[in-house]
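Read the structure below first, then the notes.
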Amino acid sequence: MPFSFNVLQSQGGARAGVFATPHGDVPTPAFMPVGTLATVKALDPDDLHCAGASMVLSNAYHLHLRPGDELIRDMGGLHRFMGWDGPLLTDSGGFQVFSLETLRTISEEGVEFRSHINGDAKFFTPETVIGIERNIGADVMMQFDHVIPGQSSEAAARDAMERSARWLARCLAAFEAGAPSAPFEQTLFPIVQGGIHPHLRRESVQRITELAHWTGFGIGGLSVGEAKPDMYAMLEVADEAIPRDRPRYLMGVGFPEDLIEGVRRGVDLFDCVAPTRMGRTGAVFTHDGRLNVKRAELRADPGPLDPDCDCPACTRFSRAYLRHLFVSGEILGLRLLSLHNVHFLIRLMRTAREHIASGTFDEWSADWLVRYFATPEITR
């Protein structure tokens with residue numbers, strides 16, 4: 001079987017496992033760097049390998065617009081096109097239903113977008129999205145779903161959940177009927193929706209599991225405006241409802257505290273653009289909370305960004321030098337800070353896996369969060 005998932009150790013809800021794909025194994029829990037346009041911004045695939053990345057995410061909506069999914073197919077698929085030989089996952093464009101609210105119109109048939117590049121109309125249906133994802137050629141393809149703000153009413157959340165379930169059935173039919181363009185087997189993940197309403201989350205899982213035997217599950221519609229306690233509560237619901245022998249992928253979540261809280265609640269895979277986006281604005285994760293390298297007191301600071309980090313930015317350069325690069329507009333600064341943040345989250349998940357394996361995850365995670373939030377906000 002090209003896809004499998006084995007839970008090797010667990011402690012409470014936290015699990016250490018291995019998700020096997022045609023392009024290699026993904027030790028879990030794992031953070032997936034986001035390469036929206038077939039590149040993790042400012043980073044080379046070799047940087048990702050050195051940082052320990054095992055799986056990378058790209059976005060079907062954006063790649064369809066530019067350079068085009070058919071071109072990617074004709075160039076040998078996304079792995080070859082972007083020079084990444086590890087596992088790949090493509091988001092379906094469902095998040096753009098949420099984020100591009102002013103540029104789209106939703107109907108039962110699908111979603112019409114106005115391209116943010118040139119204004120051209122693009123109509124996405126579950127069937128066309130599966131065709132796009134087939135052309136791109138990732139190992140894991142996500143269903144096309146309807147994402148709404150996290151604090152939405154029960155009625156709005158039910159409408160989006162039920163539409164996502166109907167679209168999933170169409171995605172599955174298109175997936176099973178279409179011929180793959182990639183020379184390897186692909187798989188399709190469904191996405192659990194339901195907003196912050198526990199009964200809708202449970203109903204979503206029930207409808208999904210009645211439809212097919214899935215290799216994994218996405219958990220969507222979180223970190224989109226709801227309070228963090230609500231997000232954590234929905235993860236607890238999902239942990240109880242989703243089959244425990246399949247990987248769970250929490251979509252679009254990538255702050256350190258949320259990764260740890262997610263692992264506590266049975267999440268195996270994460271992704272987010274935050275590490276590179278924050279790096280490009282001068283903000284970095286450290287074990288003592290967030291740090292902004294633009295702060296004046298770092299101008300002559302000889303220490304590393306984070307003395308407990310072993311990334312190239314921390315082991316080779318001082319805070320003073322990194323601040324100089326950033327305030328001077330030097331590209332190297334953006335690259336090093338982005339690399340640090342990606343490395344930080346990948347290493348955080350690797351450390352979590354080690355503590356799950358040794359039976360010390362609960363104590364370690366509690367201590368880690370205490371230290372992370374102990375530093376006063378003004379110095380972050």
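The values are calculated or read from the model by the stated rules, or taken from the named source; none is laboratory data. Keep in mind that this is a model prediction, so the values were computed, not measured. Virtual Cβ from ideal backbone geometry, glycine too; neighbours counted across all protein chains shown.
Before moving on, here are some points about what is shown:
- Of residues in the range 341-366 being of a type in the set (D, E, K, R) and out of contact with any Gly (no Cβ under 8 Å at 6 or more places or on another chain), the one surrounded by the fewest Cβ atoms within 10 Å (Cβ to Cβ): Glu363
- Residue within the range 326-334 that is small (Gly, Ala, Ser) and not in a helix (DSSP H, G or I) present: yes
- Filter pass, Arg166 being in the same structural domain as Arg248 (by TED's automatic domain parsing), farther than 25 Å from Pro243 by Cβ and in contact with an Asp or Glu (Cβ under 9 Å, 6 or more places away or on another chain): no
- Qualifying residues in the range 146-163 (those that are over 15 Å from Glu109 (Cβ atoms) and in a loop (DSSP other than H, G, I, E, B)) - the one farthest from the chain's Cα centre (by Cα): Ser153
- Residue ID - nearest to Thr36 (Cα to Cα), chosen from residues in the range 239-266 that are hydrophobic (A, V, I, L, M, F, W, C) and more than 17 Å from the chain's Cα centre (by Cα): Ile242
- Criterion: touching a residue at least 60 places away in the same chain (Cβ under 8 Å), touching a Ser or Thr at 6+ places or on another chain (Cβ under 7 Å) and not small (Gly, Ala, Ser) - qualifying residue of Asp230, Asp245, Asp239, Asp268: Asp268
- Residue within the range 39-60 that is polar (S, T, N, Q), over 29 Å from Pro149 (Cβ atoms) and in contact with a Phe, Trp or Tyr (Cβ under 7 Å, 6 or more places away or on another chain) present: no
- Total residues in the range 6-40, condition touching a Pro at 6+ places or on another chain (Cβ under 7 Å) and of a type in the set (Phe, Trp, Tyr): 1
- Looking across the range 292-303, just one residue is surrounded by 16 or more Cβ atoms within 10 Å (Cβ to Cβ) and either among the basic types (Lys, Arg) or under 16 Å from Arg335 (Cα atoms) (or both), and that is Val293.
- Of the numbered criteria (1) surrounded by 15 or more Cβ atoms within 10 Å (Cβ to Cβ); (2) of a type in the set (S, T, N, Q); (3) within 21 Å of the chain's Cα centre (by Cα), the one Asn6 fails is (1).
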